[in-house]
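This is the structure I want to talk about, given as structure tokens.
The values are calculated or read from the model by the stated rules, or taken from the named source; none is laboratory data. Keep in mind that what you see is a predicted model, and the values were worked out from it rather than measured. Heads up, the Cβs are rebuilt from the backbone with ideal geometry, glycines too, and the neighbour counts pull from every protein chain shown.
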Amino acid sequence: MQATRTQLERTGAPVPTAFEANFDGLVGPTHNYAGLSFGNVASQSNEKRIANPKQAALQGLHKMKALADLGYRQAVLPPHERPSVSLLRTLGFGGGSGSNGGDAEVIRRAAAEAPELLAAASSASAMWAANAATVSPSADTADGRVHFTPANLAFNLHRSIEHRTTQRLLAALFPSERHFAVHPALPGTPVLGDEGAANHTRFCGPYGARGVEFFVYGRRAYGGGIAPSRYPARQTLEASQAIARRHGLSTSATVFAQQRPDVIDAGVFHNDVIAVGNQQVLFCHERAFVEQASVYEVLREKLARHGATLQVVEVPDAEVSVGDAVSSYLFNSQLLARADGRQLLVVPQECMENPSVAAWLERLRDADGPIAGQRVFDLRESMRNGGGPACLRLRVALNDAEIAAVAPSVWMNDALHAVLSAWVERHYRDRLGVDDLADPQLLVESRTALDELTTLLGIGPVYEFQLA
Ligand SMILES: N=C(N)NCCC[C@H](NC(=O)CCC(=O)O)C(=O)O
């Protein structure tokens, strides 16, 4: 877990002690199944199912608390204001003034005239924090600050409205401009489609040492090349390159690779549905990347320049098919550094229910490889929308000085877990169907809950209704 202070980088400069912190998205009060994500098999197949927002939020809090209990740095990323009345007003459903009465009228009109748009305005999708931003730790960047680029999530209307709030939340959680640079999202156009950390992995030795940042894209906007034909490639090479440039990453420590188009067409809508990496370990399916062997080679060579040795744990198609990987979310697992230098694997319950995946995990338990130890979590409510353990978290490697500069009350511990669980119990419904989104009372409930949350977390006004 802890980097060794004595370890020296090639420059001879001491490597600062640093940790990986996980910021998990707290599920918002409007969590529902509206079938909004084309190409995401779970979202499409669970359309119109009744959701349980209370249970969803408690399942997420349980994972956060369990990982904090194991000694990992764990924090919480607040939900967004939903339904987004400002989106509905932008789309012409203007009610009266900005008062609550006016907002209720906006919701009633949207429900009557365009329920699909109301559903897009109501999604709790900001819970999938892996899509909140791409993060480059200070050891990798030219100016020695931690850089954040909120993802524009331009492909889906319901997700394209997240980045402004994400930017405000990140600025509230990482307020020191000396340590942190929070950028605006890239322009939200198809050329620059960006889905954040779900398509980005950082390999390194100790967390405080310079790492190799690995960007995985689905297609090139310019210059042709192969692309999926059935489902969308949400991330472009051009977006990934722009992020690497603005974060000040060196080309010698950056790798760009393409996801296989045929697996995107099989439901792998983000790279983190087929691969996960941490420190020196890459855990992936054999059909994750175009020209996979040369991807390993380049990663290995660049990582070696930073004194670390890439270790690949590759799962063959013959043992776990891409279909089983998509339905079980085996690769949407978290790899967490253990004190002995090996990695703990955090998987969703669905992996245990899939015979070939469960058998593979059992073989892994007996093997003597870089992955040691497994933890299983029930995240069923999120999984039904295509969000597993890795989707729910944003990883931020931080050194001691940076950890001290984070808003203090977002760190998970027994007290915060108790406070947030009670807050969920007080404010969340245990049943929410898409028809319930027409109820203007849901907006009142959601704002009341979020207003209280910002006080509980001590992060000041961040939501539009608080800033108006
Ligand atoms: N793989 C990662 N990192 N994240 C998972 C995101 C799931 C999300 N699902 C949704 O947005 C479904 C919402 C709905 O259908 O109601 C998406 O497709 O963008």
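Among (1) of a type outside the set (Gly, Ala, Ser); (2) more than 23 Å from Ala233 (Cα to Cα); (3) over 22 Å from the mean Cα position of the chain (by Cα), where does Leu344 come up short?
(3)
Next question. Tell me, which helices (runs of 4 or more DSSP H) wholly within region 92-174 include 2 or more residues that are over 19 Å from Leu432 (Cβ atoms), out of contact with any helix residue (DSSP H, G or I) (no Cβ under 6 Å at 6 or more places or on another chain) and among the hydroxyl-bearing types (Ser, Thr, Tyr)?
Details: elements: 100-113, 115-122, 157-160, 163-173.
Those helices (runs of 4 or more DSSP H) span 163-173.
Still on this structure, I have one more. Restricted to region 187-209, and to residues that are in contact with a helix residue (DSSP H, G or I) (Cβ under 8 Å, 6 or more places away or on another chain) and surrounded by fewer than 24 Cβ atoms within 10 Å (Cβ to Cβ), which residue is farthest from Leu299 (Cα to Cα)?
Gly188
Give region 358-386 a look and list any residue that's touching a helix residue (DSSP H, G or I) at 6+ places or on another chain (Cβ under 7 Å) and either among the acidic types (Asp, Glu) or part of a loop (DSSP other than H, G, I, E, B) (or both), or say none.
Across region 358-386, the qualifying residues are Asp378, Leu379, Glu381, Arg384, Asn385, Gly386.
Just one of the numbered conditions (1) in a helix (DSSP H, G or I); (2) among the β-branched types (Val, Ile, Thr); (3) in contact with a helix residue (DSSP H, G or I) (Cβ under 8 Å, 6 or more places away or on another chain) is not true of Val462; which one?
For Val462, the failing item is (1).
If you don't mind, there's one more thing I want to ask. Looking at region 271-284, I want the residues that are of a type in the set (S, T, N, Q) and have a partner that is in a strand (DSSP E or B) and within 11 Å of the ligand (Cβ to nearest atom) with Cβ atoms under 7 Å, at least 6 apart or on another chain. Which pairs are those?
From residues that are of a type in the set (S, T, N, Q), there are no pairs.
Follow-up. Could you look through region 16-46, keep only residues that are of a type in the set (Val, Ile, Thr) and buried (at least 23 other Cβ atoms within 10 Å of the Cβ), and pick out the one that is farthest from the ligand (Cβ to nearest atom)? If you could, list the steps in order and put the result at the bottom.
The initial filter retains those residues of region 16-46 that are of a type in the set (Val, Ile, Thr), namely 17, 27, 30, 41.
Still in the running and buried (at least 23 other Cβ atoms within 10 Å of the Cβ): 27, 30.
Working: Val27: 12, Thr30: 10 Å.
My answer is Val27.
Out of (1) assigned to a loop (DSSP other than H, G, I, E, B); (2) among the hydrophobic types (A, V, I, L, M, F, W, C); (3) surrounded by fewer than 22 Cβ atoms within 10 Å (Cβ to Cβ), the odd one out for Val419 is which?
(1)
Pairs, please: C-beta under 7 Å, at least 6 apart or cross-chain, first residue near the ligand (Cβ under 6 Å from one of its atoms) and in region 117-130, second part of a helix (DSSP H, G or I)?
Short answer, once both residue conditions are applied: Ser123/His158; Ser125/His158; Ser125/Arg159; Ala130/Gly196; Ala130/Ala197; Ala130/Ala198; Ala130/Asp272.
Determine whether Phe269 is within 16 Å of the ligand (Cβ to nearest atom) and part of a strand (DSSP E or B).
no
For region 69-76, does any single residue satisfy the condition of being within 16 Å of the ligand (Cβ to nearest atom), among the basic types (Lys, Arg), modelled with pLDDT of 95 or more and under 23 Å from Thr166 (Cα atoms)?
Taking region 69-76 as the starting set, the residues that turn out to be within 16 Å of the ligand (Cβ to nearest atom) are none.
No: zero hits.
Would a scan of region 27-47 turn up a residue that is assigned to a loop (DSSP other than H, G, I, E, B) and over 30 Å from Asp265 (Cα atoms)?
There is at least one residue in region 27-47 that is assigned to a loop (DSSP other than H, G, I, E, B) and over 30 Å from Asp265 (Cα atoms).
Can you name the residue in region 210-230 that is more than 24 Å from Ala397 (Cβ to Cβ) and surrounded by 20 or more Cβ atoms within 10 Å (Cβ to Cβ) and, of all such residues, is nearest to the chain's Cα centre (by Cα)? Quick ask: steps written out before the conclusion?
Here is the first cut: in region 210-230, the ones more than 24 Å from Ala397 (Cβ to Cβ) are 218-230.
Remaining after also requiring surrounded by 20 or more Cβ atoms within 10 Å (Cβ to Cβ): 218-219, 228.
On the way: Gly218: 17, Arg219: 20, Pro228: 23 Å.
Among those residues, the one meeting the criterion is Gly218.
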